[in-house]
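Okay, so here's the structure we're looking at.
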Amino acid sequence: MKRIDGEGIALLLDLDDCTGCFGCESACRETHRYPYDEDWMKTERRAPFLVDGKLRQYHLVAPVLDKCRACYNDDPNPLCVTGCPAGALKIGSLMDMVREAEGRHCTIFTA
């Protein structure tokens, strides 16, 4: 099993805050102008389900992190993060994102 390098970048998605609006996906495409047959950032909307008797709906953002690393190196506050209306995305070092996620319902993608 490969060990995770704590010095790499990570993208944190707060599952409770994400509304599935596709803003991050649109921001990524607008910033980099890649063709529509490519996905650098993809929002996966999920069907609602019950958790402890409450209706929940979680969405996942699936980034291609080698692209995120290049973007982050150019701008540590990329449009996908700053343009998220819910503030559900954060990007930074893995260790910073682990600390940020503590006590929250998040997923972290690493590169």
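The values are calculated or read from the model by the stated rules, or taken from the named source; none is laboratory data. The model shown is predicted, which means the values in this text are computed figures rather than measured ones. Cβ placement follows ideal geometry from the backbone for every residue including glycine, while neighbour counts extend to all protein chains displayed.
Tallying residues that are in a loop (DSSP other than H, G, I, E, B) and over 14 Å from D17 (Cβ atoms) within region 84-102 yields 1.
Residue-by-condition table, conditions (1) within 16 Å of the chain's Cα centre (by Cα); (2) surrounded by 15 or more Cβ atoms within 10 Å (Cβ to Cβ); (3) closer than 11 Å to L11 by Cα:
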{"site": "R33", "(1), (2), (3)": "no, no, no"}
{"site": "E38", "(1), (2), (3)": "no, no, no"}
{"site": "R46", "(1), (2), (3)": "yes, no, no"}
{"site": "F49", "(1), (2), (3)": "no, no, no"}
{"site": "K67", "(1), (2), (3)": "yes, yes, no"}
{"site": "P85", "(1), (2), (3)": "yes, no, no"}
{"site": "C106", "(1), (2), (3)": "yes, yes, yes"}
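Among the numbered conditions (1) surrounded by 14 or more Cβ atoms within 10 Å (Cβ to Cβ); (2) touching a Gly at 6+ places or on another chain (Cβ under 7 Å); (3) at pLDDT 85 or above; (4) not hydroxyl-bearing (S, T, Y), the only one that M95 does not meet is (1). Are any residues in region 7-31 surrounded by fewer than 18 Cβ atoms within 10 Å (Cβ to Cβ) and either part of a helix (DSSP H, G or I) or hydroxyl-bearing (S, T, Y) (or both), and if so, which ones? Matches in region 7-31: T19, S26, E30, T31.
Take the conditions (1) in contact with a Gly (Cβ under 8 Å, 6 or more places away or on another chain); (2) at pLDDT 85 or above; E30 misses just one of them, which is (1).
If I filter region 45-70 down to residues being without any contact (Cβ under 8 Å) to a residue 12 or more places away in the chain and assigned to a strand (DSSP E or B), which single residue comes out as nearest to G20 (Cα to Cα)? Across region 45-70, the extreme among qualifying residues is R56.
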